[in-house]
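Encoded as C-alpha cells, the structure appears first; notes follow it.
Nothing in this text is a laboratory measurement; each read-out follows from the coordinates by a stated rule. Since the structure is predicted, the reported quantities are computational estimates derived from the model, not experimental observations.
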C-alpha cells in the first residue's frame with residue numbers, strides 16, 4: 001500500500017462516517033417530528049442484542065417493547081433506541097410518543113440513541129478526514 005492509497009482510504013472512510021452520521025441524524029429528527037401524540041404504554045419485555053466489539057467482552061443492548069392503545073386498537077412496538085441497561089421494570093407504565101399516521105412508530109422517553117450515534121460518527125469521520133488531509137498536505141508524514 002502506498003502513502004497515497006492510505007490518504008485516499010482515510011478521506012473516503014471519513015466521508016463515509018460523516019454520511020452515516022448525517023443519515024442517523026435525519027432519521028432521529030424525522031422520528032421526533034412525526035411522533036407527536038402521547039400514549040401511556042406498558043413495558044412488555046426487552047429485546048436483547050449482544051455485541052462483541054468491546055475489549056472488555058460482550059455488551060448487551062436492550063430495546064424496550066411496549067403495548068399501548070390508540071383509537072381503541074392495541075399496538076405493540078419496539079423502541080429503535082437501545083440502552084446498555086434496563087431502564088424500566090417489566091409491567092411499568094411509561095408515557096411514549098407515537099406517530100398518529102403510523103401508530104407503530106414510537107419514541108420512548110429519553111431516547112437520544114441516534115443523536116449520540118450521529119455525534120460519534122461525525123467526530124470519527126472528521127478525525128479520519130483531518131488525518132487524510134494533513135497527510136496529503138505533507139503536514140503528517142506517512143511511513144509504511
- Task: Tell me, rounded to the nearest percent, the portion of alpha carbon pairs in the chain spaced more than 19 Å apart.
- Result: 63
- Per the helix-only calculation at 222 nm, which mean residue ellipticity applies to the chain, given -39500 (n - 2.57) for every DSSP H run of n ≥ 4 and division by its residues, nearest 500 deg cm²/dmol? -14000 deg cm²/dmol
- Query: Got the relative contact order for segment 3-136 handy, in percent, Cα pairs under 8 Å and 6 or more residues apart?
  - Reply: 38
- Distance histogram in 5 Å bins (all Cα pairs of segment 1-82, percent per bin): 3, 11, 11, 14, 15, 15, 11, 8, 5, 3, 2, 2, 0
- Taking only Cα atoms, what is the 0 to 90° angle, nearest 10, from helix 113-136's long axis to the longest principal axis of the chain? 10
- Taking only Cα atoms, what is the 0 to 90° angle, nearest 10, from helix 3-34's long axis to the longest principal axis of the chain? 20
